[in-house]
Amino acid sequence: MNMIEFRNVTKIYDDNTAALKNINLVIKKGEFLFLVGPSGSGKSTFIKLLIKEFESTTGTIHVAGRNICKLKTGRVPQLRRNIGCIFQDFKLLPNKTVYENVAFTLEVIGKPSYIIKVQVPQVLKLVGLYQRINSFPHQLSGGEQQRVSIARAFVNRPPILLADEPTGNLDPTTSDGIMKLLSRINLIGTTVVMATHDKSVVNSMRRRVVELENGEIIRDQKRGVYGEQ
Amino acid sequence: MRARYYFGETFANFKRNFLMAFTAITTVAITLFMVGLFSIIVYDVLGVLNSIKSQVEVAVYMEDNISDELRVYLEEEIKSWDEIEDLRFISKDKALERFREENEGSDILKEIQGNPLPASFEITLRDPEKVSQVAVRFLNKDGEFIEGIDDVIYGQNYVDKLFSIIAIVGTIAMLIIIMLLLATIVLIYNTIRLSIHARRKEIEVMKLVGASNWFVRIPFLFEGFFEGFLGSLIAGIILYFLSKFLLIRGEMALVDTMRIKDLAIVGSGEVSVYIYVGLIVLGVLVGLISSALALRRYLKV
């Protein structure tokens, strides 16, 4: 089953710079895909198009078989509830505890509190932060904060997880832990798309690699590496 | 469950962002206090001026030798005019009687022999501003008084000045109130926008995890509502005590020293309830609308 499908997608920003040019790409359910390339190659645009933060200029994008370009503004929240997002800067809310940060996702989508009380501790155990449940983000290390953001993205069990440079601010050992966590989430059946320019992470995982340059796909490899040295 | 979330979130935000909320409330309170204070003062001043205005009368003095027929004819004629609200006939005897009452114990009475006072009509008008038009009706084409009329007195200069003062005071007051209101709206809007700006990350995260726009909006609208309400309530309370213990006393003293006893002091009455209600409605509306407008930018994630 095709989880994500880009057909002839082009994105041109208001200032006439083309971020993506005629992208065709199919990502199957349960795949783990690295999106690599230098800064400005279009990785972030790719991810932002998927959560409809931007609209594509031409072409169609299908998520789980649905054309999201035709999605009405009012239905965008529904789309985002099925896509977990992780960011380089974590985007945790500084004045909420670990528990509240994760529970927030569920509150926002209107889950009843008895479900929140069960699911939040569960996912925090999965990411290994159950003992830090009442800490605030500033009391945690970078790796721990990224785990919280993964817990937040995954607590609702979305079929797709998007990660935009999730290891960008972390040291190699910590990155390793994060990657193990993402692999586990992928093993449960979640489709994971990760934009990165962290060479060692890509090379150690040996998963599908799609390389972008100036908004075009220049390489698509199964079990790939970051790039020629 | 939703309602509980919204309320919980509103008050949690109040607590977490106490300084911002405090700033917003203070801003609302101070600006609306200014608006209210000025409104009350203007209201009173215009009230006093208007009560003077409503006392404007036209006195029409008749010639001493006027015949009864002519007098009755004039009375009927004047009564038929549209501008006239009431007409009282004061006979020579009544005029003397009244004069005696007003000057009781005074030497002047001893000097009076016979009855030198003329009979008159005292006319009150539906619209006191038409007083000069009415006065003109007692003149014939040559600019002389019509038959049987000796003089018409309504204090031309005094009345005309009064009316132009009322018009000027009213216009200036209107302009100042409008400017104050604009300043109020801009200040409150900016304060609320700042407090929302401080929480843009929260809004961004909410939108990214799939919150609907209304879900994000409602706690902020609640907050804007409460900030507007609390601020205007504080403004109203301060204003109430200020006007009760200072303003009204000041006005009474002023009225006393100016020896204009019969004038109503309006600000002290129930009418000023409208000012308080108006302040609170204004505060709540500005709070709500500011929040809604300020949010628009941040909801576009």
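The values are calculated or read from the model by the stated rules, or taken from the named source; none is laboratory data. Nothing here was measured: the structure is a model prediction, and the numbers come from that model. For neighbour counting, all protein chains shown are included, and Cβ atoms are generated from backbone atoms with ideal geometry for every residue, glycine included. In case anyone asks, the SASA skips ligands and DNA or RNA and just uses the protein heavy atoms, side chains included. Shrake-Rupley method; radii C 1.70, N 1.55, O 1.52, S 1.80 Å.
If you go through segment B:210-222 one residue at a time, do you hit one that is of a type in the set (S, T, N, Q) and farther than 30 Å from A:Leu50 by Cα?
No, segment B:210-222 has no match at all.
Restricting to segment A:109-121, name every residue that is within 14 Å of another protein chain (Cβ to nearest Cβ) and within 19 Å of A:Gly84 (Cα to Cα).
Scanning segment A:109-121 gives A:Ile109, A:Gly110, A:Lys111, A:Ile115, A:Ile116, A:Gln119, A:Val120.
Take the conditions within 9 Å of chain B (Cβ to nearest Cβ), among the hydrophobic types (A, V, I, L, M, F, W, C) and either more than 23 Å from A:Asn169 (Cα to Cα) or within 20 Å of the chain's Cα centre (by Cα) (or both) and apply them to A:Ile68. Does it pass?
The answer is no for A:Ile68.
Would you mind stating whether A:Ser56 is of a type outside the set (A, V, I, L, M, F, W, C), in contact with a strand residue (DSSP E or B) (Cβ under 8 Å, 6 or more places away or on another chain), open to solvent by less than 30 Å² (accessible area, probe 1.4 Å) and outside any strand (DSSP E or B)?
yes
Here are some residues: B:Glu223, B:Glu204. Which one is acidic (Asp, Glu), open to solvent by 40 Å² or more (accessible area, probe 1.4 Å) and part of a helix (DSSP H, G or I)?
Within the list B:Glu223, B:Glu204, the selection yields B:Glu204.
Somewhere in segment B:171-186, is a residue over 30 Å from B:Ala292 (Cα atoms) and either within 14 Å of chain A (Cβ to nearest Cβ) or touching a residue at least 24 places away in the same chain (Cβ under 8 Å) (or both)? Before the answer, list the steps.
Residues of segment B:171-186 over 30 Å from B:Ala292 (Cα atoms): B:171-173.
Restricting the remaining residues to those that are either within 14 Å of chain A (Cβ to nearest Cβ) or touching a residue at least 24 places away in the same chain (Cβ under 8 Å) (or both) gives B:173.
Looking for residues that are over 30 Å from B:Ala292 (Cα atoms) and either within 14 Å of chain A (Cβ to nearest Cβ) or touching a residue at least 24 places away in the same chain (Cβ under 8 Å) (or both), one finds at least one in segment B:171-186, hence yes.
Kindly provide the set of residues from segment A:14-53 that are part of a loop (DSSP other than H, G, I, E, B), surrounded by fewer than 15 Cβ atoms within 10 Å (Cβ to Cβ) and at pLDDT 90 or above, ordered by number. Let's see the steps before the verdict.
Of all residues in segment A:14-53, those part of a loop (DSSP other than H, G, I, E, B) come to A:14-17, A:29-31, A:37-42, A:51-53.
Checking the rest, the ones that are also surrounded by fewer than 15 Cβ atoms within 10 Å (Cβ to Cβ) come to A:14-17, A:29, A:38-40.
A:Lys29, the sole residue that qualifies.
Considering every residue within segment A:189-197, establish whether at least one is within 27 Å of A:Met1 (Cα to Cα), surrounded by fewer than 21 Cβ atoms within 10 Å (Cβ to Cβ) and at pLDDT below 95.
First, the residues of segment A:189-197 that are within 27 Å of A:Met1 (Cα to Cα): A:189-196.
Remaining after also requiring surrounded by fewer than 21 Cβ atoms within 10 Å (Cβ to Cβ): A:189.
Now restrict to residues that are at pLDDT below 95: A:189.
Yes; the residues of segment A:189-197 include at least one that is within 27 Å of A:Met1 (Cα to Cα), surrounded by fewer than 21 Cβ atoms within 10 Å (Cβ to Cβ) and at pLDDT below 95.
Name the residue, out of A:Leu124, A:Leu106, that is closer than 21 Å to A:Val192 by Cα and either touching a strand residue (DSSP E or B) at 6+ places or on another chain (Cβ under 8 Å) or within 14 Å of another protein chain (Cβ to nearest Cβ) (or both).
On inspection, the qualifying residue turns out to be A:Leu106.
Quick one: in segment A:198-229, which of the residues that are open to solvent by 30 Å² or more (accessible area, probe 1.4 Å) and part of a helix (DSSP H, G or I) is nearest to A:Lys11 (Cα to Cα)?
Filtering first and then ranking leaves A:Lys199.
Working only within segment A:166-188, note down all residues that are closer than 27 Å to A:Gly65 by Cβ, open to solvent by 10 Å² or more (accessible area, probe 1.4 Å) and either of a type outside the set (S, T, N, Q) or in a loop (DSSP other than H, G, I, E, B) (or both).
Listed by number, the residues that qualify are A:Arg184, A:Leu187, A:Ile188.
Quickly run through segment B:40-69 and pick out the residues that are out of contact with any Asp or Glu (no Cβ under 7 Å at 6 or more places or on another chain) and in a strand (DSSP E or B).
Passing the criteria: B:Val58, B:Val60.
One line per residue, one yes/no per condition, for (1) at pLDDT below 70; (2) closer than 30 Å to B:Phe22 by Cβ; (3) not in a loop (DSSP other than H, G, I, E, B):
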{"residue": "B:Gly236", "(1), (2), (3)": "no, yes, yes"}
{"residue": "B:Glu251", "(1), (2), (3)": "yes, no, yes"}
{"residue": "B:Ile265", "(1), (2), (3)": "yes, no, no"}
{"residue": "B:Val271", "(1), (2), (3)": "yes, no, yes"}
{"residue": "B:Tyr274", "(1), (2), (3)": "no, yes, yes"}
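One residue is enough: does segment B:42-64 have a residue meeting the conditions surrounded by fewer than 17 Cβ atoms within 10 Å (Cβ to Cβ), small (Gly, Ala, Ser) and modelled with pLDDT of 85 or more?
Looking through segment B:42-64, at least one residue is surrounded by fewer than 17 Cβ atoms within 10 Å (Cβ to Cβ), small (Gly, Ala, Ser) and modelled with pLDDT of 85 or more.
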